[in-house]
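Worksheet for the structure shown next.
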Amino acid sequence: KRPLVGVMSTGDELVDRESELAPGQIRDANRYILLALLEELGVDVIDLGLVPDIQGIIADTILSGVSACDVVITSGGVSMGDFDYVKVVLDQIGNMRWMQVAIKPAKPLAFGLVEGVPVFGLPGNPVSSMVSFELFARPALRAMMGCSDLDRPRVQAVVDGKLFRKSDGKTHFVRVAVRWINGVCSVSSTDAQGSHQLSGMAEASGLAILPDGDGLTDGDNVEVILLR
């Protein structure tokens, strides 16, 4: 059947899109992005809302979500900081695994079961949240939907310009613009590569997979995940 997926964001610093920003506040972009990606995927969605950093409210929202949904996706609070209350709550009410994946962006990731329902804990930075969804949550949901092709298409492409990175022991997923010229796929960086910079992700039509090292230069070959 078509899965029903609940989505929630957490963080005292977040405000909804209709609210005025006060000093120290940022827009809750992740929830709307994830809801849109899920609708594109073809699942049914429930907006579980924006939840403050209060353990009781976080627990009540997650438990309400797992009672109604086939999957729950949270955004934020899954790192190792003092105020990562989602981690505290999920450890209390669920059977979770907390991972530091050797990728950039999207290093922190949580996955487990709460009352038998799968829960994905995605990071709070917007680009990290989107890349985590693409690499981990989306394939799992497609498997639940009975699909055999779980991942987005991948192609070999030629680098136009340079794709910068520093050696850090991680695989990097660089946001790129994809072009087809005489049947050959060519990619170039969308420039804004920070995990908080939505503009680079919005302009991207692919994720170039860069192994550990110093990046790629003009004319090099690279594997690319096609986003559209």
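The values are calculated or read from the model by the stated rules, or taken from the named source; none is laboratory data. Here the structure is a predicted model, which is why all the values come from computation and not from measurement. All Cβ positions, glycine included, derive from the backbone under ideal geometry; neighbour counts span all protein chains shown. Remember, those area values only see protein heavy atoms, side chains included, never the ligands or the DNA or RNA. Shrake-Rupley method; radii C 1.70, N 1.55, O 1.52, S 1.80 Å.
Against the criterion of solvent-accessible heavy-atom surface with a 1.4 angstrom probe, Thr171, Thr217 sort, most first, into Thr217, Thr171. Extension gain, Asn221 to Lys162, is 20.1 nm, computed as 0.36 nm per intervening residue step minus the present C-alpha separation.
Could you calculate the FRET efficiency of Asp44 with Ala102 from 1/(1 + (r/R0)^6), where r is the beta carbon distance between them and R0 is 35 Å, rounded to 0.05? Calculated transfer efficiency: 0.55. Here the alpha carbons of the chain define both size measures, Rg and Dmax, at 18.1, 58 Å. Once the chain from Asp191 to Leu21 is taken as fully extended at 0.36 nm per residue, the excess over their C-alpha distance is 58.5 nm.
For the pair Leu35 and Ile209, a Förster radius of 22 Å applied to the C-beta separation gives a FRET efficiency near 0.25, rounded to the nearest 0.05.
What FRET efficiency would be calculated for the residue pair Thr171, Cys147, taking the C-beta separation as r and a Förster radius of 22 Å, to the nearest 0.05? For Thr171 and Cys147, the calculated efficiency is 0.35. How many percent of the accessible area of region 75-165 is carbon or sulfur, using a 1.4 Å probe? Answer for region 75-165: carbon and sulfur cover 53 percent of the accessible area.
Among Cys147, Cys69, the sequence by solvent-accessible area, most first, with a 1.4 Å probe is Cys147, Cys69. Each Lys and Arg Cβ is given +1 and each Asp and Glu Cβ -1; about its Cα centre, the chain then shows a dipole of about 660 debye.
Shown here for region 36-137: chymotrypsin sites (Phe, Trp or Tyr not before Pro) in loop regions (DSSP other than H, G, I, E, B) with at most 15 other Cβ atoms within 10 Å, namely Phe83. With 29 Å as the limit on Cα-Cα distance, the pairs of Lys87/Lys170; Lys1/Lys104; Lys1/Lys107 that go past it are Lys1/Lys104; Lys1/Lys107. Restricting to region 1-61, what percent of DSSP beta bridges are antiparallel, rounded to 5? Approximately 0 percent, going by the DSSP bridge assignments. I want to verify the translational diffusion coefficient of region 113-228 in µm²/s; compute it with Stokes-Einstein, Rh as the Kirkwood radius over Cα pairs, at 4 °C and 1.567 mPa s. Calculated translational D: 85 µm²/s.
Diffusion coefficient (Stokes-Einstein, Kirkwood radius over C-alpha pairs, 20 °C, 1.002 mPa s) for region 1-79: 164 µm²/s, rounded to a whole number. Per-residue ellipticity at 222 nm computed for the chain from its helices equals -7000 deg cm²/dmol, with DSSP H segments shorter than 4 residues left out and the rest contributing -39,500 (n - 2.57). Restricting the trypsin sites (Lys or Arg not before Pro) of region 162-201 to loop positions (DSSP other than H, G, I, E, B) with no more than 14 neighbouring Cβ atoms within 10 Å leaves Lys162, Lys166. Measuring spread by the Cα atoms of region 1-42 yields a radius of gyration and Dmax of 12.9, 45 Å. Each 10 Å bin from zero holds the following percent of Cα-Cα pairs in region 38-128: 16, 52, 30, 2.
Quick check: the distance between the Cα centres of region 86-107 and region 146-174, to the nearest angstrom? Answer, in whole Å: 23.
In this structure the chain gives 48 Å² per residue of accessible area when probed at 1.4 Å with all protein chains present.
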